[in-house]
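Taking it in order: structure first as structure tokens, then the write-up.
The values are calculated or read from the model by the stated rules, or taken from the named source; none is laboratory data. Note that this is a predicted model, so its numbers are computed, not measured. FYI the Cβ positions are ideal-geometry reconstructions off the backbone, even for glycines, and counts take in every protein chain you see. Heavy atoms of the whole protein, side chains included, go into the accessibility calculation; ligands, DNA and RNA do not. Shrake-Rupley method; radii C 1.70, N 1.55, O 1.52, S 1.80 Å.
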Amino acid sequence: MSALRVLRHESELGRWKLVSRAPDPRLRGYVGDYQGYAESGSPAPLRLQVPTPWLPLIVNFGSRWNVAASTDGPHVAFDSFVAGLGERSSYVAAAGAASCVQVNLTPIGAHMFFGLPMHELANEVVPLEAALPRDLGGVAEQIEDARGWEERFAVLDTILLSRLADARRPSDDVTWAWRLLDETRGKAPIAWICDRLGRSRRHLSARFREQVGLPPKTVARIMRFDRAVSLLGRPGARLADVAFECGYYDQPHLNRDFREFAGTSPAAFAQRITPDGGVVL
């Protein structure tokens, strides 16, 4: 079993603790990691949640989470929830002292776990109880009742392994295309993937809509952007180097994706990255 990783933060931005570990190795390809999060202090920090290739499943134990499409727009309050793959950023802040578990699912893992057409979750935040299958209705209580983060993560391993063992598998072409995009961080050309599969772009896009949530070209852009976000968090990162490593044609194309996905320039975005990899405004 992987060791717990613990990160504590206290500054003018707020005070929080993040505990994480990798899931059971048998969940590789379906689950990225588990994160236990506790936050206190007032006012709660406002976080920018940018598009990622992961679907966060949040099991909430503390104050509700206010989610908005803009800093000055109306918000929707959520308890436990899941967010589908998205092309837009959202702004998230706890209504008070916060405590939750986050499970980062791949779209393949989410499709198997929830048993839903993934386009129903794309660009949406949905209450967890509305997305869960009926036979998993009590999982949030099971996780909350566990003692401590390690026991909660162990409960998640058990629930996910049991559910995925009986789940319907996604189509082979979607699984292969997703894994290739994941391994190349979105740099594999979609036309080449279709040629290798012997499928048309229309066919693969329809399959991705059902089993991933977004078209493969959009997924590839999100993967490249996600890689760029992770590289910007490194000390001394140069934008031209980040653009090259992430497969962008040039730096203006990198800038375009940051404007579209994060609403700001890469340089301004980098200044807001916190030690846990989040972005606090």
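Structure notes:
- Ligands, DNA and RNA aside, residue 100 has an accessible area near 10 Å² when probed at 1.4 Å.
- Extension gain for residue 42-residue 267 works out to 78.2 nm (0.36 nm per residue, less the C-alpha to C-alpha distance).
- Kirkwood Rh, angstrom, the range 8-87 [1 / mean 1/r, Cα pairs]: 14.7
- Residue list for the range 206-221, given a label point 7 angstrom along the Cα-to-Cβ vector of residue 168 and an amide N cut-off under 13 Å: 210-211
- Mean separation of Cα contacts under 8 Å (6+ apart) over length of the range 171-281, as relative contact order %: 19
- Mean separation of Cα contacts under 8 Å, 6 or more apart, over the residue count of the chain: relative contact order %: 19
- Gain upon complete extension [residue 180, residue 77; 0.36 nm per residue less C-alpha separation]: 33.4 nm
- Qualifying GluC sites (Glu not before Pro) in the range 8-79, DSSP loop, other Cβ atoms within 10 Å at most 15: 12
- The range 98-190 - percent of accessible surface contributed by carbon and sulfur, probe 1.4 Å: 46
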